[in-house]
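The values are calculated or read from the model by the stated rules, or taken from the named source; none is laboratory data. Computed from a prediction, not measured in an experiment: that's the story for all the values here. Here the Cβ is made from the backbone with ideal geometry for all residues, glycine too, and neighbour counts use every protein chain on show.
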Amino acid sequence: MNAISTVLARLPPDIVMRDQDIIGACTTDFRRQYVGRTEALLRPRNTRDVQDIIRTCAELQVPLVPQAGNTSYCAAATPADNGNELVISLERMNRVREVDVANLSICADAGIVLSSLQEAASEAGLLLPLALGSQQSCRIGGNLSTNAGGISVLRYGMARDLVLGLEVVLPDGSLFCELSPLRKNNAGYDVKQLFIGAEGTLGVITAVSLKLARKPRQTVTAFLAIAAIGDLATILDLAQVQTGEAITSFEYISDTSLNLLLQARPDLRHPLQARSAHYILLEAATASPVLDIEAAAMALLEQLFEQGLVLDGTIAASGQQAAQFWHLRESIPEAEVHHGGSVKHDIAVRTSRLAAFIEAAAAVVRQHAAGAVLSAYGHVGDGNVHFNVVAPAGIAPEGFKQRFEANVSPKIYQLVAEMEGSFSAEYGIGRTKRELLMRHGAPGKVGLMRILKAAIDPGGIMNPGKVVP
Ligand SMILES: Cc1cc2nc3c(=O)[nH]c(=O)nc-3n(C[C@H](O)[C@H](O)[C@H](O)COP(=O)(O)OP(=O)(O)OC[C@H]3O[C@@H](n4cnc5c(N)ncnc54)[C@H](O)[C@@H]3O)c2cc1C
């Protein structure tokens, strides 16, 4: 009997799924770039099952790949194609353990789908301020393991900023449990931070305690055609001042991204009369029943028109119209797929340099890939832009993407490095960005990562081949 068969024979049959028709979905990454293989999907019922699985795998040196919603854009949750790894999914561990309304906190199993956790918070009259396009599929354990960003980072921070406590099964099967939802706890190293953004390479997160916020009583959503990309930082500053720092989202949409979408989806309408090369989708919200956020937004719009910073703009007249604006923003990745997919660069620079980056990187694309369609959009309030590139019409997308990644992407990443930015703002490293980490990681970082990995996972069983070069 080989090691995998021994592991599977020792585990309760109820947690071992061998049906390859079902397992198939978890062996291919979201972007369909990698196809792996595994003999079984392990579906623990509780933390003790996770401990038994990991202890058994550690003893027999069988590697484990944690997988949550499998929406990673860098193949972080896909097993290798040699069939030597088992996949563990916490999909059955999806209970809300506690909502503490007065403490503004929620505690849940790590396998709960993000949208279900949002609903649980909402039913308690509160807001879980973590929101991303994949929220109907991704699970909170995956969100914390990737330190997910999304559309509310500007106001509430990344996933890491919401974490009060964690429960993690370590690579030897022992438990680290600091789940208490305390706002202050300086009792020793803040060890839980290590597991956030570790992409399953240091252990399996089994439960989380998160901060909640008060639910907004008033929300305003505006769609603006801005005069020049160079004014992004000024517009954001004015918006924060006018609304008393109530801006929750400040999203950029380039005209080319919007055009790709409107070509792919003729049922959708452009929200403005005037056309511009650049648009902003802005949202402000407050829990206050007294502050008039709509009046603040109107005053902002007036000021932006007066100063010539916007060419056109509208404030959503209803929740339905606001949802239509958001639908445009969130459908862009789908539109890129419709046009053959894109080469993605998920980059961040400081907000003061963002416009300069977009202009310089667009010049690189024009010089080295004439005719390519630049689809730039994203969470620019956080200095994060998805600088994506789609093949020119009439050019086979797959070949274009390969050539672009080999010849032009390195120039874009070099530009990011020169501007002291990040080559991975929110998607992580996974399998696809390890070389970039070697090339552009901060001095000393990879060495420290290797020391931590060897100390916590000496057998190297947790998600091998990911993150750590
Ligand atoms: C349409 C779309 C929109 C997106 N928008 C955003 C966005 O705005 N912001 C953003 O940051 N990302 C975004 N993403 C990327 C992706 O959704 C996030 O990275 C998300 O957090 C991944 O969660 P998941 O549950 O799918 O995790 P998976 O993809 O299953 O796993 C991700 C990583 O976490 C590890 N992992 C999973 N569960 C655990 C666990 N319990 N313990 C330890 N390790 C674990 C896996 O091994 C893997 O390394 C988007 C993706 C899509 C498809």
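Of the conditions (1) of a type in the set (Lys, Arg); (2) closer than 21 Å to Gly465 by Cβ; (3) out of contact with any Pro (no Cβ under 7 Å at 6 or more places or on another chain), Arg37 clears all except one; give me its number.
So Arg37 meets the others, but not (3).
Please determine whether any residue of the stretch 439-449 is among the β-branched types (Val, Ile, Thr) and either touching a strand residue (DSSP E or B) at 6+ places or on another chain (Cβ under 6 Å) or within 27 Å of Asn259 (Cβ to Cβ) (or both).
Quick first cut of the stretch 439-449, residues among the β-branched types (Val, Ile, Thr) only: 446.
So of that shortlist, the ones also either touching a strand residue (DSSP E or B) at 6+ places or on another chain (Cβ under 6 Å) or within 27 Å of Asn259 (Cβ to Cβ) (or both) come out as none.
Among the residues of the stretch 439-449, not one is among the β-branched types (Val, Ile, Thr) and either touching a strand residue (DSSP E or B) at 6+ places or on another chain (Cβ under 6 Å) or within 27 Å of Asn259 (Cβ to Cβ) (or both), which makes the answer no.
When you scan the stretch 152-162, do you find a residue that is closer than 14 Å to Ser209 by Cβ, within 8 Å of the ligand (Cβ to nearest atom) and assigned to a loop (DSSP other than H, G, I, E, B), even just one?
Within the stretch 152-162, not a single residue is closer than 14 Å to Ser209 by Cβ, within 8 Å of the ligand (Cβ to nearest atom) and assigned to a loop (DSSP other than H, G, I, E, B).
Pick from Gly447, Gly430, Gly421, Gly459: which is modelled with pLDDT of 95 or more and touching a Lys or Arg at 6+ places or on another chain (Cβ under 7 Å)?
Exactly one of Gly447, Gly430, Gly421, Gly459 is modelled with pLDDT of 95 or more and touching a Lys or Arg at 6+ places or on another chain (Cβ under 7 Å), namely Gly430.
Only one of Ile88, Ile106 is surrounded by 18 or more Cβ atoms within 10 Å (Cβ to Cβ) and under 12 Å from Leu212 (Cα atoms). Can you tell me which? Break it down stepwise before answering.
Working: Ile88 fails: under 12 Å from Leu212 (Cα atoms).
Criteria check complete, one pass: Ile106.
Could you identify the single residue in Ser257, Ser276 that is in a loop (DSSP other than H, G, I, E, B) and either of a type outside the set (Val, Ile, Thr) or touching a residue at least 24 places away in the same chain (Cβ under 8 Å) (or both)?
Values: Ser257 fails: in a loop (DSSP other than H, G, I, E, B).
Of Ser257, Ser276, the one residue that is in a loop (DSSP other than H, G, I, E, B) and either of a type outside the set (Val, Ile, Thr) or touching a residue at least 24 places away in the same chain (Cβ under 8 Å) (or both) is Ser276.
For the stretch 9-44, which residues satisfy the criterion of being polar (S, T, N, Q), assigned to a loop (DSSP other than H, G, I, E, B) and at pLDDT below 95? Break it down into steps so the answer makes sense when it comes.
Residues of the stretch 9-44 that are polar (S, T, N, Q), as a first pass: 20, 27-28, 33, 38.
Those still in the list that are assigned to a loop (DSSP other than H, G, I, E, B) too: 27, 33, 38.
If the condition is that a residue be polar (S, T, N, Q), assigned to a loop (DSSP other than H, G, I, E, B) and at pLDDT below 95, then Gln33 is the only one that fits.
Are any of the residues in the stretch 455-463 in contact with an Asp or Glu (Cβ under 9 Å, 6 or more places away or on another chain), more than 23 Å from Val87 (Cβ to Cβ) and either part of a strand (DSSP E or B) or of a type in the set (S, T, N, Q) (or both)?
No - not one qualifying residue is present in the stretch 455-463.
Which of the residues that make up the stretch 218-254 are out of contact with any strand residue (DSSP E or B) (no Cβ under 6 Å at 6 or more places or on another chain), among the acidic types (Asp, Glu) and outside any loop (DSSP other than H, G, I, E, B)?
Asp231, Asp237
Would it be correct to say that Ser105 is touching a residue at least 24 places away in the same chain (Cβ under 8 Å) and over 17 Å from Leu162 (Cα atoms)? Write out each step before concluding.
On the way: touching a residue at least 24 places away in the same chain (Cβ under 8 Å): yes; over 17 Å from Leu162 (Cα atoms): no.
No, not satisfied.
Within the stretch 25-35, is even one residue closer than 22 Å to Asp109 by Cα, within 16 Å of the ligand (Cβ to nearest atom) and outside the structural domain of Asp172 (by TED's automatic domain parsing)? Talk me through it step by step, then tell me what you get.
Looking only at the stretch 25-35, we keep the residues that are closer than 22 Å to Asp109 by Cα, and these are 26.
If we keep only those that are within 16 Å of the ligand (Cβ to nearest atom) too, we end up with 26.
Among the residues that remain, those that are also outside the structural domain of Asp172 (by TED's automatic domain parsing) are: 26.
Checked the stretch 25-35: at least one residue is closer than 22 Å to Asp109 by Cα, within 16 Å of the ligand (Cβ to nearest atom) and outside the structural domain of Asp172 (by TED's automatic domain parsing).
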